[in-house]
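Chemist: My questions will all concern the structure given below.
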Amino acid sequence: MIEINANTDQVLRALNDALSRTQNLEPAYKSIGEALVSSTHRRFQDRQDPEGNAWAELSGITKERKGHNRQLEGESGALAKEIHYQPSNEGLELGSTMEYAAMMHFGGKKADFPHLWGDIPARPFLGLSADDEDEIIGILQDFLSVGGSQ
């Protein structure tokens, strides 16, 4: 026969501790934000979207105007540098402060945006990769566990 002994007070304390952590998730969202900024920076280095697909090559005219073949990299490199997050108790916002970030992420057609010198293919840099999802789960598990970081 197997006998299992549990200290009910200890179990209740652990459950109450986990429940109290859910009242303020901002610290967990802050950790997730740091992780996602880091993985987004890696995407700029690897020149890949969150699913690991290579970004579209630059057009000939763009290469000529820029003088290089590096996607999403202007002279200042500001787009890659300006990835920020804002945590709250309700969630997390992640994005870029650069005004042209949406165009670079989603792409655009010259027909819709006459100021462009040509069509811009989407080069997604924001989003969650499978590794990001695993890291987020780990952060949340640590945050909610008894003795986890707060």
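Chemist: Condition test on GLY60, is it of a type outside the set (Asp, Glu) and out of contact with any Lys or Arg (no Cβ under 7 Å at 6 or more places or on another chain)?
Modeler: yes
Chemist: Here's another thing I want to ask about it. When you go through LEU94, LEU72 one by one, which is the residue that is in contact (Cβ under 8 Å) with a residue 40 or more places away in the chain and on the phi > 0 side of the Ramachandran plot?
Modeler: So the residue among LEU94, LEU72 that is in contact (Cβ under 8 Å) with a residue 40 or more places away in the chain and on the phi > 0 side of the Ramachandran plot is LEU72.
Chemist: Here is a follow-up. Output yes when any residue across the stretch 17-24 is loosely packed, with under 12 Cβ neighbours inside 10 Å, within 17 Å of PRO124 (Cβ to Cβ), touching a residue at least 24 places away in the same chain (Cβ under 8 Å) and not aliphatic (A, V, I, L, M), and no when none is.
Modeler: no
Chemist: Take the stretch 27-69 and flag every residue that is of a type in the set (S, T, N, Q) and surrounded by 12 or more Cβ atoms within 10 Å (Cβ to Cβ).
Modeler: SER31, SER38, SER39, THR40, GLN48, SER59, THR62
Chemist: So if I check each of LEU79, LEU72, LEU94, which one is part of a strand (DSSP E or B) and buried (at least 17 other Cβ atoms within 10 Å of the Cβ)?
Modeler: Answer to the selection: LEU94.
Chemist: From the residues in the stretch 59-85 that are in contact with a helix residue (DSSP H, G or I) (Cβ under 8 Å, 6 or more places away or on another chain) and small (Gly, Ala, Ser), which one is modelled with the lowest pLDDT?
Modeler: Here the residue is GLY74.
Chemist: Among the residues of the stretch 99-118, write down those that are in a helix (DSSP H, G or I) and either touching a helix residue (DSSP H, G or I) at 6+ places or on another chain (Cβ under 7 Å) or surrounded by 15 or more Cβ atoms within 10 Å (Cβ to Cβ) (or both).
Modeler: ALA101, MET103, MET104, HIS105
Chemist: Within the stretch 43-58, count every residue that is touching a Ser or Thr at 6+ places or on another chain (Cβ under 7 Å) and modelled with pLDDT under 90.
Modeler: So the answer is 0.
Chemist: Taking the stretch 15-63, which residues are closer than 23 Å to GLY118 by Cβ, of a type in the set (Ser, Thr, Tyr) and in a loop (DSSP other than H, G, I, E, B)?
Modeler: Of everything in the stretch 15-63, just one residue is closer than 23 Å to GLY118 by Cβ, of a type in the set (Ser, Thr, Tyr) and in a loop (DSSP other than H, G, I, E, B), namely SER59.
Chemist: Further question: ARG123 versus (1) charged (D, E, K, R); (2) more than 15 Å from the chain's Cα centre (by Cα); (3) farther than 30 Å from VAL11 by Cβ: which is the lone unmet condition?
Modeler: Here ARG123 clears every test but (2).
Chemist: Find the residue count for the stretch 119-150, including only residues that are surrounded by 13 or more Cβ atoms within 10 Å (Cβ to Cβ) and outside any helix (DSSP H, G or I).
Modeler: Total satisfying the criteria: 13.
Chemist: Right, next: Where the second residue is not acidic (Asp, Glu) and the first is without any contact (Cβ under 8 Å) to a residue 40 or more places away in the chain and lies in the stretch 134-146, which pairs have Cβ atoms under 9 Å and are six or more apart or on separate chains?
Modeler: Partner pairs satisfying both residue conditions: GLN141/GLY148; ASP142/ALA28; ASP142/SER31; ASP142/GLY148; ASP142/SER149.
Chemist: Among the listed residues SER88, SER129, SER96, which satisfies the condition of being closer than 30 Å to LEU15 by Cα, among the hydroxyl-bearing types (Ser, Thr, Tyr) and touching a helix residue (DSSP H, G or I) at 6+ places or on another chain (Cβ under 7 Å)?
Modeler: SER88
The values are calculated or read from the model by the stated rules, or taken from the named source; none is laboratory data. Every value quoted in this text rests on a predicted model; they were computed, and no experiment measured them. We place every Cβ from the backbone using ideal geometry, glycine too, and count neighbours over all the protein chains shown.
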